Amino acid sequence: MRRKIAFQGEPGAFSHAAAHALFPADEALPCLTFEDTIAAVQTGKAEYGVVPVENSLYGRITDIYHLLPESGLHITGEHFLRVEMNLLAVPGATMADITSVQSLSVALGQCRKFISQHKLKTINGVDTAGSAREVAEKGDKSVAAIASRLAAEVYGLTILASNIEDAAHNTTRFLSIARHPEEPPQGGRVKTTFVFRVRNVPAALYKAMGGFATNGVNMTKLESYMLDGSFTATQFYADIEGHPSDRAVQLAFEELKFFTDHFRILGVYPAGTVGV
């Protein structure tokens, strides 16, 4: 039986593409919001969820940093999705027919050079996949959408131009999440993600980080954010290379816990590869 994989957005969204890359044999389940995506996994409506956490152009996806640590779910994998923008039109349309282009404002902003070169009028849409759906529904040859290659397949549109984004490095990192942890064995490329709050003592963060340096554990991410809108309550979200069973990681965590009043591992999972 095919498992259900929850993602935020309409069919054809980049999150849908990431879900398909991580779970190619399973059924994607579109959700309206990130909260709905997480709830689908929590309630068992979906076996897994796939959520974006950061983009190489725009940085972290703030909502996920607040929602994931409080969800009770576990990170089971990651995928780096190269965000390729494509110009999609109804079948039979040509570039000469296109006078305007619709998409999410962020996507339009990532394709300024192409839009300017072709002197296209821009139309702000709710999202990329939704814009593709609306273009297909209207059947107007003069209006195109900027969206994923998957959106073209889902809505029966023609790709008039591929990879029209300004920045070739545009990549989004996605995480898969589940109700139960799925720790890989030691060895190989493994990441561990955790959250912590430091004790209210001088240089607590500096001292908490010292164990990773002295034990040779590579920290690939450290983000801080406020809790409940308070300027004095800060939580840190971190990724390291290594497994909690590794001796070096154990020692680093021991030192970290000495200077923290909250610590929780969100997931131990195989490391993804950028560009794959």
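The values are calculated or read from the model by the stated rules, or taken from the named source; none is laboratory data. Values in this document were obtained by computation on a predicted structure and should not be read as measured data. Positions of Cβ are generated from backbone atoms using ideal geometry, with glycine treated the same way; all protein chains shown enter the neighbour counts. When the accessible area is computed, the model is the full protein with side chains, heavy atoms only, and any ligands, DNA or RNA have been set aside. Shrake-Rupley method; radii C 1.70, N 1.55, O 1.52, S 1.80 Å.
Express as a percent, rounded to the nearest 5, the fraction of DSSP beta bridges in the chain (both residues included) that run antiparallel.
On the way: 44 of 61 bridges.
Of those bridges, close to 70 percent are antiparallel.
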In Å², rounded to a whole number, the accessible area per residue of the chain with probe 1.4 Å is 47
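What number, rounded to the nearest 500 deg cm²/dmol, is the helix-based mean residue ellipticity at 222 nm of the chain, given -39500 (n - 2.57) per DSSP H run of at least four residues and division by all its residues?
-8000 deg cm²/dmol
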In whole percent, the Cα-Cα distances of segment 73-165 spread across 10 Å bins from 0 upward as 18, 53, 20, 7, 3
Heads up, segment 23-110 by the C-alpha gyration tensor (a ≥ b ≥ c square roots of eigenvalues; a/c under 1.5 rounded, else a/b over b/c prolate, else oblate) looks prolate
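Which of the trypsin sites (Lys or Arg not before Pro) across segment 73-170 are loop residues per DSSP, with 15 or fewer other Cβ within 10 Å?
Values: sites: Arg82, Arg112, Lys113, Lys119, Lys121, Arg133, Lys138, Lys141, Arg149; in loops: Lys119, Lys141.
Of the trypsin sites (Lys or Arg not before Pro), the ones in loops of segment 73-170 whose Cβ has at most 15 other Cβ atoms within 10 Å are Lys119.
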The correct pair for segment 149-213, radius of gyration to one decimal and Dmax as a whole number, both in Å and from Cα atoms, is 21.4, 60
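Report the charge-dipole magnitude of the chain in Debye, nearest 20, computed about the Cα centre from +1 at each Lys and Arg Cβ and -1 at each Asp and Glu Cβ. Mind showing how you got there, number by number?
Numbers: 25 positive and 29 negative charges, 67 e Å.
Result for the chain is approximately 320 debye, rounded to the nearest 20.
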Rg from C-alpha atoms of the chain, normalised by the globular rule of thumb 2.2 N^0.38 Å, equals 1.13
Whole-Hz Karplus couplings 3J(HN,Hα) for segment 22-39, θ = phi - 60° and coefficients 6.51, -1.76, 1.60, Gly and Pro as x, run 7, 9, x, 9, 10, 9, 7, 10, x, 10, 5, 10, 5, 4, 5, 4, 5, 5
Expressed as a percent, the accessible surface of the chain that is carbon or sulfur, using a 1.4 Å probe and the full set of protein chains, is 53
Computed over the chain: longest principal axis from alpha-carbon atoms vs helix 128-138 long axis, angle to nearest 10 degrees, is 20
Cα pairs beyond 19 Å in segment 117-258, in percent, come to 68
